[in-house]
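**Student:** To start, I am sharing the structure in question, which I have written as structure tokens.
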Amino acid sequence: MSPGFPVVRPRRLRRTPALRRLVAETRLAPADLILPMFVKEGISAPHPIGSMPGVVQHTRDTLRKAAHEAAEAGVGGLILFGVPAEKDGTGSAADDPDGVVQRALRDLSADLGDATVLMADLCLDEYTDHGHCGILTGSGEVDNDATLQRYASIAVAQAEAGVAVVAPSGMMDGQVGTIRTALDEAGHSSVSIMAYSAKYASAFYGPFREAAECAPQFGDRSAYQQDPANADESLREVLLDLDEGADIVMVKPAGPYLDVVRRVRDTVDVPVAAYQVSGEYSMIEAAAANGWLDRDRTIMESLTGIRRAGADIVLTYWATEVARRLA
Ligand code: PBG
């Protein structure tokens with residue numbers, strides 16, 4: 001072997017923490033993280049979610065406290081999910097001006113002002129007694145166009161309560177355009193839309209169904225959410241949503257769909273979000289609780305992977321904790 005061999009030594013730049021920090025290609029920052037939060041109507045103490053250790057259904061008051069802590073840690077945004085006291089066939093609580101999310105939005109916009117970005121999930125599954133994301137036809141299918149009218153009304157209710165960004169997650173065709181028109185007609189042209197554009201029919205939502213009390217009472221969501229086998233279809237969904245006026249597009253789940261995140265990032269010129277969903281959270285928490293994984297390192301690696309795949313924004317239940325660690 002010649003004395004100078006190998007001349008090129010990639011290990012040189014890995015030698016010390018300072019060198020590694022200098023050449024890191026991907027960085028996490030608190031401002032890139034969005035914290036999903038659950039608020040339940042009519043409870044007097046926060047209710048732990050068994051399948052998501054560390055996550056709770058908040059009361060109106062504990063939500064305010066946790067939101068304040070997240071904003072103080074520099075978390076970029078909060079996205080609210082409501083669990084109403086009463087559910088019915090059309091999800092009436094979803095657009096009630098006094099519904100659980102509308103009240104919470106008024107609280108938080110008064111408390112937080114511009115300290116972070118206030119968002120709300122826009123869907124019906126948490127509000128319907130059957131647990132589907134829309135209105136049902138007589139034969140039990142989700143009626144796309146009847147559901148759009150409900151989404152339009154929810155968007156306006158959330159906007160009047162102070163939301164900055166609505167996030168339609170029901171995967172109805174035309175939902176972004178319908179919501180954009182409804183917001184504009186109601187004088188809310190400044191409210192943004194973060195579209196759950198590429199949303200898969202995923203088993204990784206399992207723990208969320210407990211958190212939001214929204215498991216479908218029959219069937220599943222495969223007739224409206226995407227087949228995990230498809231990736232080209234995600235680009236089609238994303239481009240449709242952009243045509244209809246989406247400001248931010250999202251891929252969900254994140255970890256098992258990093259190829260989709262990358263393809264979307266390479267295709268569009270708007271911010272791309274990825275949602276590290278409940279099952280991704282619970283898997284790591286469960287393995288860490290058993291001593292099988294190093295919890296903190298696994299969390300940071302999972303988030304770095306999602307950012308490296310191309311997500312500008314990551315929704316994660318660890319947002320506050322990670323933001324504090326990054327500070
Ligand atoms: C629908 C919605 C779901 C999630 C976010 N919005 C559930 C579903 O589509 O079945 C899942 C989020 C998670 O698993 O963390 N409103």
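The values are calculated or read from the model by the stated rules, or taken from the named source; none is laboratory data. None of these values were measured; they are calculated from a predicted model. Quick reminder, even Gly has a Cβ in these numbers, built from the backbone with ideal geometry, and neighbours come from all protein chains shown.
**Student:** Ile299 versus (1) surrounded by fewer than 23 Cβ atoms within 10 Å (Cβ to Cβ); (2) assigned to a helix (DSSP H, G or I); (3) within 16 Å of the ligand (Cβ to nearest atom); (4) in contact (Cβ under 8 Å) with a residue 24 or more places away in the chain: which is the lone unmet condition?
**Tutor:** (4)
**Student:** Only one of (1) surrounded by fewer than 24 Cβ atoms within 10 Å (Cβ to Cβ); (2) part of a helix (DSSP H, G or I) is not met by Ile154, so which one is it?
**Tutor:** Unmet condition: (1).
**Student:** Additional query: Based on what the data block shows, is Thr90 touching a residue at least 60 places away in the same chain (Cβ under 8 Å), more than 16 Å from the ligand (Cβ to nearest atom), out of contact with any Asp or Glu (no Cβ under 7 Å at 6 or more places or on another chain) and assigned to a loop (DSSP other than H, G, I, E, B)? If you could, list the steps in order and put the result at the bottom.
**Tutor:** Working: touching a residue at least 60 places away in the same chain (Cβ under 8 Å): yes; more than 16 Å from the ligand (Cβ to nearest atom): no; out of contact with any Asp or Glu (no Cβ under 7 Å at 6 or more places or on another chain): yes; assigned to a loop (DSSP other than H, G, I, E, B): yes.
Criteria not met by Thr90.
**Student:** In addition: With respect to Ala195, determine if the residue is over 22 Å from Pro84 (Cβ atoms), in contact (Cβ under 8 Å) with a residue 60 or more places away in the chain and not β-branched (Val, Ile, Thr).
**Tutor:** Working: over 22 Å from Pro84 (Cβ atoms): yes; in contact (Cβ under 8 Å) with a residue 60 or more places away in the chain: no; not β-branched (Val, Ile, Thr): yes.
The answer is no for Ala195.
**Student:** So is Ser190 more than 16 Å from the ligand (Cβ to nearest atom), of a type in the set (Ser, Thr, Tyr), surrounded by fewer than 24 Cβ atoms within 10 Å (Cβ to Cβ) and farther than 18 Å from Thr147 by Cα or not? Steps first, answer last, please.
**Tutor:** Values: more than 16 Å from the ligand (Cβ to nearest atom): yes; of a type in the set (Ser, Thr, Tyr): yes; surrounded by fewer than 24 Cβ atoms within 10 Å (Cβ to Cβ): yes; farther than 18 Å from Thr147 by Cα: yes.
So Ser190 fits the description; yes.
**Student:** If only one of Ala327, Ala323 is of a type in the set (A, V, I, L, M, F, W, C), under 20 Å from Ala29 (Cα atoms) and at pLDDT below 95, which one is it?
**Tutor:** Details: Ala323 fails: at pLDDT below 95.
Every option except Ala327 fails the conditions.
**Student:** Can I ask one more? Condition (residue is out of contact with any Lys or Arg (no Cβ under 6 Å at 6 or more places or on another chain), loosely packed, with under 12 Cβ neighbours inside 10 Å, without any contact (Cβ under 8 Å) to a residue 24 or more places away in the chain and on the phi < 0 side of the Ramachandran plot) applied to the stretch 52-71: is it met by at least one residue?
**Tutor:** no
**Student:** Let me ask something additional. Condition first: farther than 28 Å from Met52 by Cα, within 16 Å of the ligand (Cβ to nearest atom), modelled with pLDDT of 95 or more and charged (D, E, K, R). Can you find one or more residues in the stretch 269-279 that meet it?
**Tutor:** Looking for residues that are farther than 28 Å from Met52 by Cα, within 16 Å of the ligand (Cβ to nearest atom), modelled with pLDDT of 95 or more and charged (D, E, K, R), one finds none in the stretch 269-279, hence no.
**Student:** Would you mind finding the one in Arg236, Arg221, Arg209, Arg265 that is at pLDDT below 95, among the charged types (D, E, K, R) and not in a loop (DSSP other than H, G, I, E, B)?
**Tutor:** On the way: Arg236 fails: at pLDDT below 95; Arg221 fails: not in a loop (DSSP other than H, G, I, E, B); Arg265 fails: at pLDDT below 95.
Exactly one of Arg236, Arg221, Arg209, Arg265 is at pLDDT below 95, among the charged types (D, E, K, R) and not in a loop (DSSP other than H, G, I, E, B), namely Arg209.
**Student:** Only residues in the stretch 166-182 that are in contact (Cβ under 8 Å) with a residue 24 or more places away in the chain count as the first member; pair them with residues that are within 14 Å of the ligand (Cβ to nearest atom) and among the basic types (Lys, Arg), Cβ under 7 angstrom, at least 6 apart or cross-chain, and list the lot.
**Tutor:** Taking only residues 6 or more apart or on different chains, the pairs are Ser169/Lys199; Met171/Lys199.
**Student:** Now for a different question. If we scan the stretch 171-188, do we find a residue that is closer than 30 Å to Ile284 by Cα and either in contact with a helix residue (DSSP H, G or I) (Cβ under 9 Å, 6 or more places away or on another chain) or not in a loop (DSSP other than H, G, I, E, B) (or both)?
**Tutor:** yes
**Student:** Considering only residues that are among the hydrophobic types (A, V, I, L, M, F, W, C) and closer than 16 Å to Val166 by Cβ, which ones fall in the stretch 101-146?
**Tutor:** Going through the stretch 101-146, the residues among the hydrophobic types (A, V, I, L, M, F, W, C) turn out to be 101, 104-105, 108, 110, 112, 115, 117-120, 122-124, 133, 135-136, 142, 146.
Hits for the stretch 101-146 are Val101, Ala104, Leu105, Leu108, Val117, Leu118, Met119, Ala120, Leu122, Cys123, Leu124, Cys133.
**Student:** OK, next. Being in a helix (DSSP H, G or I) and touching a Phe, Trp or Tyr at 6+ places or on another chain (Cβ under 8 Å) is the filter; apply it to the stretch 93-131 and report the residue that is surrounded by the fewest Cβ atoms within 10 Å (Cβ to Cβ). Steps first, answer last, please.
**Tutor:** So the first thing to find is which residues in the stretch 93-131 are in a helix (DSSP H, G or I), and the list is 93-95, 100-112.
Those left that are additionally touching a Phe, Trp or Tyr at 6+ places or on another chain (Cβ under 8 Å): 93-94, 101.
Details: Ala93: 23, Ala94: 26, Val101: 28.
The extreme case among them is Ala93.
**Student:** Any residue in the stretch 200-221 that is closer than 15 Å to Ala286 by Cβ and more than 8 Å from the ligand (Cβ to nearest atom) sitting within a Cβ distance under 8 Å of a residue that is assigned to a loop (DSSP other than H, G, I, E, B) and at pLDDT 90 or above? List the pairs, counting only those 6 or more apart or interchain.
**Tutor:** These pairs meet every condition: Glu210/Ile49; Glu210/Gly50; Glu210/Ser51; Glu210/Met52.
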